[in-house]
Amino acid sequence: MVLLTGGHLDIELYHTTNIERDKKWVMKYHWSEDILFFQNLVVPTRPIEWRMLIEKIHEEIGHFGEMWTLVEVKKRFFWHDKIKSVKKFIKICEKNVS
């Protein structure tokens, strides 16, 4: 977003707009008993946790590949690289039912 005032970038207005946007984003996170949540989804904070969760879900649903694993991960957890993480795990799973 570019905000112009008299031909110059209005840094203060731009900065304030970003702060308000970021506050709304941050307010969606909360802690409960040492577990971080984004809205109603658990947020695993380390890549090793991501892999363990993906593996557990993938085994629960019967090794049905990337799409079904991703659907189940999205229902329960939130992290920014979850699609990439699931794809990476599925590539190395030898038990997949294609």
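Here are a few things to note about the model shown:
- Of all residues in the range 37-71 being aliphatic (A, V, I, L, M) and more than 15 Å from the chain's Cα centre (by Cα), the one that is surrounded by the most Cβ atoms within 10 Å (Cβ to Cβ): Ile57
- Taking first residues from the range 52-74 that are in the same structural domain as Glu94 (by TED's automatic domain parsing) and at positive phi and partners that are polar (S, T, N, Q) and at pLDDT 90 or above, no Cβ contact under 8 Å between residues at least 6 apart in sequence or on separate chains turns up.
- The residue of the range 44-66 that is nearest to His30 (Cα to Cα), among those that are out of contact with any helix residue (DSSP H, G or I) (no Cβ under 9 Å at 6 or more places or on another chain) and assigned to a helix (DSSP H, G or I), is Glu49.
The values are calculated or read from the model by the stated rules, or taken from the named source; none is laboratory data. All of these numbers come straight from a predicted model, not from anything done at the bench. Don't worry about glycine lacking a Cβ; one is built from the backbone with ideal geometry, like all the others, and counts go over all protein chains shown.
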